[in-house]
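Q: A single structure is presented below for examination.
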Amino acid sequence: MARAPSRRRRTNNRRRGALRNHTRHHRHMHLSHAQVCFRNMLQRESLYQGSVAYACILTVPMLLPFYAYARDAVGDDLLQGLVMTLLGINLATFTRAVNNFNVCQRFDYILHDIPPEEEAAVFVPPNQDIRFESWVDQECRDKTNFGIGQLRRIYACFGLQAIADENDGYIKVPTGHTNQRGVPCYYNFHPEELFLYFMMRMKTGNDHTQMVYIFGGSPKRWSFAWRWILFYLDKRYENIIGHQGLLRFVDQFPAFYRAIQRKVTRSWISNVDEANQTWDENEGLDFLPFSIFGFIDCSIDKICRPFSGPAGNYEGSGRKPEEEIAQRAFYTGYKKIHGIKVETVYLPNGMSTLFGPVSARLTDVEHVLEMSMLNTFLVQLQAGRPYEYQALGDGVYGNGNLRCIRSYFKSRANEPPLTDDQMRCNDAIKKCRQSIEYNYGSMSMHFKICDDQKHNMIGKKNPYAIEQLRVAHLLTNISICLKGDQGSGENMFDCAPPRLEEYLAL
């Protein structure tokens, strides 16, 4: 169970604290560094004044015997007056210390206590009504990775305006609830604002509680919109995101083969020593011995442990009944994490298609490849064509039993070792296959929503981690269409990506 919030004993009110001492689930109001210093000063002053008052109380029993001795035994009026003066000073000091203590406590209460009515209130920033005109071009690039003109092109392809035109200019997002008359409840969103919210959160990976400081409104309201647009885009472009998207490029397989062949026949530099200005120049291949059109690989994204919380909201609650089987289902001993896995086919023009996500527990070939049936799909896709091309993967795909998927030259048991030409060919092709790793890195760098496990939750009541990852791959392809593949693609293979409108055409 979560630790109970700290409260003042005298008033039982919650205390404001420094931001570094709170999690993102706490209230929005925290103290700055200067306010923390002032709070500490008040507390130190309260401690000092309280100590003075306590010392005054302890001094009274010590002065009373002197007063009694001067009055009864000695009868010295001067000594009696001195003791009475000391008692008066002690009383005045005590009164002033108590007043100062109460003033410090009052300031501390006013500035640093959260009243019950404020604690129960929900902070909802006003709606900001963000539109394309609200941001300049540089703001758009900082917040979404795209310029204002590029955002308008993507927005036009997504078809959000057409949906809004059917509903008085707004997109109606259902909440799943009904009112007292049984009418379904909806949230209304302007299509431009919903689109910009989606693009910014994909890029930054911020929580809804952070996003509302820019867009306004309730985080709960935006959570419905977020899930709606993810499911909408995944459903709309499922035949583009999935491996069936290869249908659009099958006529370009010969051109992709020639692009890869141009790459492996070039010489390349290795072992560069900048201090001594030396390097090794490696001669390229004479030709590409494999008839490959692209590259295949699997990647794993880390997720939160599913169903990891307590079964009830009370102290001593046990684990959820699904906890053990769910966590075993998504745990991979290879990476020692809980995760989800996607199978990706990467083309020399920078485009990629994927299957999944599925559990990271599954192996690349024996499970994921069999589930995607990619080999069978490529065979049927190229049936009747004069030449059949293959996708090249790493060593795990080199079992030799796949017709349209292969790996490098491999040395197996009871077979002669690889020749120098075969090893040289493997080195050249491995450098080309790195392009698919660059593609994974590009997605993680430009769209941080999938780079943090807190956004990949499978055990939620309404999970969307699978759709979120698929849409992130879609946005990566969109970025390559607009900007070129800066990590590989056009720069590595001299093969231009398609136009955005051509790629997103349904």
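Q: At 0.36 nm per residue, minus the direct Cα-Cα distance, what do His177 and Asn12 gain on full extension? Give it in nm, one decimal, please. Walk me through the numbers before you get to the answer.
A: On the way: separation 165, 0.36 × 165 = 59.40 nm, distance 3.61 nm.
Full extension from His177 to Asn12 adds 55.8 nm.
Q: A follow-up question, please. Using θ = phi - 60° and the Karplus form 6.51 cos²θ - 1.76 cosθ + 1.60, what ³J(HN,Hα) does each residue of region 340-348 get, whole Hz, x for Gly and Pro?
A: 10, 10, 10, 9, 10, 10, 10, 9, x
Q: To the nearest 20 debye, what is the magnitude of the charge dipole of region 332-391 about its Cα centre, counting +1 on the Cβ of each Lys and Arg and -1 on the Cβ of each Asp and Glu? Mind showing how you got there, number by number?
A: Values: 5 positive and 5 negative charges, 51 e Å.
Roughly 240 debye for region 332-391.
Q: Would you work out what percent of the accessible area of the chain, with all protein chains in place, is carbon or sulfur (probe 1.4 Å)?
A: Numbers: 14560 of 27660 Å².
Carbon and sulfur atoms account for 53 percent of the accessible area of the chain.
Q: Further question on the same structure: Quick check for you: with a 1.4 Å probe and neighbouring chains kept, what is the accessible area per residue of region 129-185, in Å²? Provide the component values of the computation, followed by the final result.
A: Values: 3260 Å² over 57 residues.
It amounts to 57 Å² per residue over region 129-185.
Q: Taking every pair of alpha-carbon atoms in region 345-418, give the share separated by more than 15 Å as a whole percent. The partial results should precede the final answer.
A: On the way: 1713 of 2701 pairs.
So the pairs more than 15 Å apart make up 63 percent of the total in region 345-418.
Q: Just to make sure I understand: if all protein chains stay in place, what is the order of Trp268, Trp222, Trp279 by accessible area at 1.4 Å, largest first? Write down the numbers at each step before the final one.
A: Details: Trp268 50, Trp222 0, Trp279 145 Å².
The ranking, largest first, comes out as Trp279, Trp268, Trp222.
Q: Averaged per residue, what accessible surface does region 279-380 expose to a 1.4 Å probe, in Å²? Don't jump to the answer; show the numbers that get you there.
A: Details: 5050 Å² over 102 residues.
In whole numbers, region 279-380 has 50 Å² accessible per residue.
Q: How many angstrom lie between the Cα centre of region 131-167 and the Cα centre of region 342-371?
A: 31
Q: Apply 1/(1 + (r/R0)^6) to the Cβ-Cβ distance of Arg328 and Val396, taking R0 = 22 Å, and write down the FRET efficiency to the nearest 0.05. It would help to have the intermediate numbers written out before the result.
A: Numbers: r = 23 Å, r/R0 = 1.03.
It comes to 0.45.
Q: What ratio of Cα Rg to 2.2 N^0.38 Å holds for region 324-472? Don't skip to the answer; put the middle values down first.
A: Working: Rg = 17.7 Å, N = 149, 2.2 N^0.38 = 14.7 Å.
For region 324-472, the normalised Cα radius of gyration is 1.20.
Q: Considering only protein heavy atoms, what is the solvent-accessible area of Asp421 at a probe of 1.4 Å, reported in Å² to the nearest 10?
A: Around 110 Å² of this residue is reachable by solvent.
Q: Okay, next question. Enter the Cα centre distance for the pair region 458-478 and region 378-441, rounded to the nearest angstrom.
A: 30
Q: Can you tell me the orientation of helix 77-112 relative to the chain, as the angle in degrees between its alpha-carbon axis and the longest Cα principal axis, to the nearest 10?
A: For 77-112 against the chain, the angle is about 20 degrees.
Q: Taking H as built 1.01 Å from N, whose amide H comes closer than 5 Å to the amide H of Lys320, not counting residues under 5 places away?
A: Excluding prolines and chain starts, which carry no amide H, the hits are Ala311.
Q: Among (i) 1.08; (ii) 1.20; (iii) 1.44, only one was calculated for this model; which label is it, if the read-out is Rg/Rh (Cα atoms, Kirkwood Rh)?
A: (ii)
Q: To continue, here is another question. Among DSSP beta bridges lying fully in the chain, give the percent that are antiparallel, nearest 5. Before the final figure, lay out the partial values.
A: Numbers: 29 of 36 bridges.
Around 80 percent antiparallel, to the nearest 5.
Q: Something else now. Given points 7 Å out from each Cα along the Cα-Cβ axis, report the Tyr109 to Tyr67 separation in nanometres with one decimal.
A: 3.1
Q: Give me the distance in nm between label points sitting 7 Å out from Cα along the Cα-to-Cβ direction at Glu502 and Glu437, one decimal.
A: Rounded to a tenth, the inter-label distance reads 3.1 nm.
Q: If you don't mind, there's one more thing I want to ask. How long, wide and thick is region 262-376, going by the Cα atoms along their three principal axes, in whole angstroms, largest first?
A: 68, 47, 22
Q: List every residue whose amide H lies under 5 Å from the amide H of Cys185, counting only residues 5 or more places away in sequence or on a different chain, with H placed 1.01 Å from N in the peptide plane.
A: Residues meeting the amide H criterion: Thr175, Gly176, His177, Thr178, Asn179.
Q: Taking the Cα-to-Cβ direction at Ser411 and at Arg385 and moving 7 Å from each Cα, how far apart do the two end points lie in nm?
A: 3.5
Q: Nearest 10 degrees is fine. How inclined is helix 465-483 to the longest principal axis of the chain, computing both from alpha carbons?
A: Tilt of helix 465-483: around 60 degrees.
Q: By a straight-distance test (C-alpha under 26 Å), which lysines pair with Lys320 as possible cross-link partners, with residues fewer than eight away in the same chain excluded?
A: Cα-Cα hits under 26 Å: Lys220, Lys302, Lys335, Lys336, Lys341, Lys454, Lys460, Lys461.
Q: Could I ask something else about it? Roughly how tilted is helix 219-236, in degrees to the nearest 10 and between 0 and 90, from the longest Cα axis of the chain?
A: Approximately 0 degrees, to the nearest ten.
Q: Count charges around Glu238 for me, please; just the other residues with Cβ under 14 Å from its Cβ, Lys/Arg as +1, Asp/Glu as -1. Write down the numbers at each step before the final one.
A: Values: positive: Lys235, Arg236, Arg248, Arg470; negative: Asp234, Glu467.
Combined, the nearby Lys, Arg, Asp and Glu give +2.
Q: Let me ask you something else. Amide H of Glu388: which non-local residues (sequence gap of 5 or more, or other chain) have their own amide H closer than 5 Å, using H built in the peptide plane?
A: The answer is none.
The values are calculated or read from the model by the stated rules, or taken from the named source; none is laboratory data. Note that the structure is a prediction, hence the values are computed from the model and not measured. With ideal geometry, Cβ positions are generated from the backbone for all residues, glycine too; neighbour counts draw on all protein chains shown. Ligands, DNA and RNA are stripped out before the accessible areas are found, and what is left, the full protein with its side chains, is counted by its heavy atoms. Shrake-Rupley method; radii C 1.70, N 1.55, O 1.52, S 1.80 Å.
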